[in-house]
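So the structure is just underneath, and the comments pick up after that.
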Amino acid sequence: MKNREEIMISLVEDYHVFEVLPYVMEFRRQLFPLLDPLIIPKDLVNFEQNYLQSLTGAFLQARTKDGKLIGSIGMMPYDYRFPHLDIDKETTVEVARLFVNPEYRRTGIATRLFQELANIAKQKNIKRLYLHTHPFLPGAYNYWLQQGFELMKSCYEGTYPTFHMELMIPAQQ
């Protein structure tokens, strides 16, 4: 990767979905090889509804100057599917699908994607960012701690050890 290469961060629009969905599915297949690659997660089946049309959703992409997709991150309304977590009814979104191509990692792209997503969350008056990650994803837990997230609970979800994390967003001034 050329360190000085210009990377553009932007919202995914309807016409990007045909490229973004396979990109996200391929990362998922690589990171979670034990999951059936033919089963598409609910958030991706309803991608437009969760990320593009929802009042609290957004999906961002990172692209090189020549248009190559090299990163992504999204937020969608939290669905309260983990009843053992103490998440009240404050406006909460789930941060998901942070992926950066291996050759572009450790260049600040993930942080730029997340910071832009956090700015959008603040503009949408979202109070809490929730996410979960796993200890087998190299550096993920420490990365989210560096972004200000705090550990809520560590437990097994199915067969995966899981860290549930949150970041409270201060009100707009």
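The values are calculated or read from the model by the stated rules, or taken from the named source; none is laboratory data. Since the model is a prediction, treat every value here as computed from it, not as a measurement. Here the Cβ positions follow ideal geometry from the backbone for every residue, glycine too, while neighbour counts run over all protein chains shown. Heads up: the accessible areas ignore ligands, DNA and RNA and are worked out on the full protein's heavy atoms, side chains in. Shrake-Rupley method; radii C 1.70, N 1.55, O 1.52, S 1.80 Å.
Odds and ends about this structure:
- Annotation note: of Gln115, Gln49, Gln123, the sole residue that is under 19 Å from Phe18 (Cα atoms) and polar (S, T, N, Q) is Gln49.
- Filter result for Gly67 (within 13 Å of the chain's Cα centre (by Cα) and either within 21 Å of Glu26 (Cβ to Cβ) or touching a residue at least 60 places away in the same chain (Cβ under 8 Å) (or both)): no
- Filtered by the rule that a residue be surrounded by 13 or more Cβ atoms within 10 Å (Cβ to Cβ) and of a type outside the set (A, V, I, L, M, F, W, C), the range 162-173 gives Thr162, His164, Glu166.
- Any hit, the range 87-101, residues being modelled with pLDDT of 95 or more and surrounded by fewer than 18 Cβ atoms within 10 Å (Cβ to Cβ): yes
- Residue within the range 81-92 that is in a helix (DSSP H, G or I), under 25 Å from Gln30 (Cα atoms) and out of contact with any Pro (no Cβ under 8 Å at 6 or more places or on another chain) present: no
- Taking the range 9-21 as the range and being exposed (fewer than 11 other Cβ atoms within 10 Å of the Cβ) and either within 17 Å of the chain's Cα centre (by Cα) or touching a residue at least 12 places away in the same chain (Cβ under 8 Å) (or both) as the test, only Asp14 passes.
- Verdict on Ala140 being hydrophobic (A, V, I, L, M, F, W, C), out of contact with any helix residue (DSSP H, G or I) (no Cβ under 9 Å at 6 or more places or on another chain) and open to solvent by less than 80 Å² (accessible area, probe 1.4 Å): yes
- Annotation note: Cβ proximity below 7 Å between a residue of the range 24-46 that is open to solvent by 70 Å² or more (accessible area, probe 1.4 Å) and a residue that is in a helix (DSSP H, G or I) and of a type in the set (Gly, Ala, Ser) (sequence gap 6+ or interchain) occurs for no pair.
- Any hit, the range 60-69, residues being over 27 Å from Glu103 (Cα atoms), touching a strand residue (DSSP E or B) at 6+ places or on another chain (Cβ under 7 Å) and at pLDDT 95 or above: no
- Against the numbered list (1) exposed (fewer than 12 other Cβ atoms within 10 Å of the Cβ); (2) more than 24 Å from Thr92 (Cα to Cα); (3) at pLDDT 95 or above, Arg4 comes up short only at (3).
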